[in-house]
Amino acid sequence: MSEILVLVDHADGAARKPALELLTLARRLGTPSAVLLGAGDTAPSIAATLVEHGAEKVYCADASEFADYLVVPKVDALEQIAQRASPAAVLVTSSAEGKEIAARLALRLDSGLITDAVDVEAGESGPLTTQSAFAATYSVRSTVTRGTPVITVKPNAATPEPTAAAGTLEEVAIAFSPAATGTSVVSRAPRQVSNRPDLTEAAVVVSGGRGVGSAESFAVIEALADSLGAAVGASRAAVDAGWYPHSSQVGQTGKTVSPQLYLANGISGAIQHRAGMQTSKTIVAVNKDAEAPIFDLADFGVVGDLFDVLPQLTAEAEARKG
Ligand code: FAD
């Protein structure tokens, strides 16, 4: 079976969950090979996790260029590994960086590119992807017809499934192009520490909208989120009112999330909000207006005051944790 290259997204010495999801999806298409770039001393432990999740081979390249410059060094590396391995497809996480890497790689390989897939399976003539479009009213299935398919996949498209793999480690030396050092990183600042999962990667997202009423009242959203191990999201109305930071905004001009479970509380369901959460697997809405458009999209709905409903839900979730 042909190799399927998976670009590994990693941070703080660990593979991020979407990378493990890609390895699971890659098994449907061929033999998964992980591409681990710039992991330094943490490479062996990250590689061990990748092998536990099905990487038959781990291509490992380390150089200061990966950290000191923006995306091009990673594109150089992926291109050179792809030329060597002749893979049947390259899978990359659908983050802003991932999509830029994928686009540049597809151009260099003279290949077709599919972005923001929510599912990937083996098709008759190569990987068959599913994309969700126009507020989830359309499901688009596509296949690349030219070159090596380069596909970016949204987080939460699959559940990572551990499996034993050979996990041959292959060190690769990369010859960087002159363009690699074109944009350098001048500083890095750590993100504000939160015990909650990253919004775009979380399996569960609990969001609040204008119905929450104030910054202080977001405590009721946070309490439910923490009882479920969820990330907190917000509608633009809540963000514009200054109740929650813009980094938590879900929607057309905020983050796109695709969790297993999305709970929308005091959110009407405007099209611009839907644009950021419509591909969530299960949507639950709590709204005191039975006519709110969010109920058209929701799998489960509660017509009620969120200040009555959410504390009960939180208490029930806490009780079930035992
Ligand atoms: P509202 O529409 O005011 O809805 C509040 C809801 O809360 C109502 O349905 C009400 O019944 C309910 N409610 C009130 N009190 C309670 C209570 N106690 N218990 C239960 N329910 C209650 N919006 C986004 O969210 N994300 C975006 O990225 C985004 N981008 C935009 C880009 C553009 C170009 C434009 C024009 C708009 C954008 N918007 C975006 C704004 C969007 O159109 C809506 O205005 C916004 O989503 C409304 O937020 P909301 O649902 O919280 O507020």
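The values are calculated or read from the model by the stated rules, or taken from the named source; none is laboratory data. A quick note: this is a predicted structure, and the numbers were derived from the prediction, not measured. Please note: Cβ atoms are built from the backbone with ideal geometry, for glycine as well, and neighbour counts cover all protein chains shown. The protein model used for the area step is the full one, side chains on, heavy atoms only, and it has no ligands, DNA or RNA in it. Shrake-Rupley method; radii C 1.70, N 1.55, O 1.52, S 1.80 Å.
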*Compute the signed sum of charges (Lys and Arg +1, Asp and Glu -1) over the other residues within less than 15 Å, Cβ to Cβ, of V205.*
+1
*Which links in K154/K321; K99/K281; K57/K99; K154/K255 stretch past 19 Å when you go from one Cα to the other?*
K154/K321; K99/K281; K57/K99
_From the phi angles alone, apply the Karplus equation (6.51, -1.76, 1.60; θ = phi - 60°) to region 173-185 and give each ³J(HN,Hα) in whole Hz, x where the residue is Gly or Pro._
9, 9, 9, 7, 7, x, 6, 4, 9, x, 9, 9, 7
*Can you list, bin by bin at 10 Å, the percent of alpha carbon pairs in region 25-88, starting at 0?*
21, 47, 30, 2
_Value of [θ]222 nm, deg cm²/dmol, for the chain, DSSP H segments ≥ 4, -39500 (n - 2.57) each, nearest 500_ = -8500 deg cm²/dmol
_Gaussian network model of the chain, springs between alpha carbon atoms under 10 Å - residue of S33, S187, S217 with greatest fluctuation_ = S187
*Assuming 1.306 mPa s and 10 °C, estimate D for region 130-280 with Stokes-Einstein, Rh taken as the Kirkwood radius over Cα pairs, in µm²/s.*
87
*For region 197-245 and region 1-62, distance of Cα centres in Å*: 32
*Within a Cβ distance under 12 Å of R104, other residues only, what is the Lys/Arg minus Asp/Glu net charge?*
-1
*Residues with beta-carbon under 12 Å from that of P259, excluding P259: net charge, scoring Lys, Arg +1 and Asp, Glu -1?*
+2
*Hey, quick one: spin label on S214, modelled 7 Å out along Cα-Cβ, who in region 235-250 has an amide N within reach, i.e. under 12 Å?*
none
*For A14 paired with T143, estimate the spin-label separation in nm (one decimal), with each label point 7 Å from Cα along the Cα-to-Cβ line.*
3.9
*Viscosity 0.890 mPa s, temperature 25 °C: Stokes-Einstein D of region 133-175 from its Kirkwood Cα radius, in µm² per second?*
160
*In percent, what relative contact order does region 120-243 have, based on Cα pairs under 8 Å that are 6 or more apart in sequence?*
17
*Most fluctuating residue of A89, A238, A180 in a GNM of the chain with Cα springs under 10 Å: which is it?*
A180
*Work out the P(r) tail for region 209-307: percent of alpha carbon pairs separated by more than 17 Å, whole number.*
45
*Tell me, what % of the accessible area of the chain is carbon and sulfur with a 1.4 angstrom probe?*
51
*For region 37-173, just say rounded, prolate or oblate: build the C-alpha gyration tensor, square-root its eigenvalues into a ≥ b ≥ c, call rounded for a/c under 1.5, and beyond that prolate if a/b exceeds b/c, oblate if not.*
prolate
*Could you state the number of Å between the C-alpha centres of region 81-145 and region 157-192?*
18
_Sort 112-121, 290-299 by packing, meaning the average of other beta carbons within 10 Å per residue, with the highest value first._
112-121, 290-299
_In nm, spacing of pseudo-spin labels at I271 and S86 (7 Å Cα→C-beta vector)_ = 4.8
*asked:* Please compute one quarter of the surface area of the Cα convex hull for the chain and express it in square nanometres.
replied: 17.4
_Rolling a 1.4 angstrom probe over the protein chains, ignoring ligands and nucleic acids, what is the accessible area of S247 in square angstrom, nearest 10?_
70
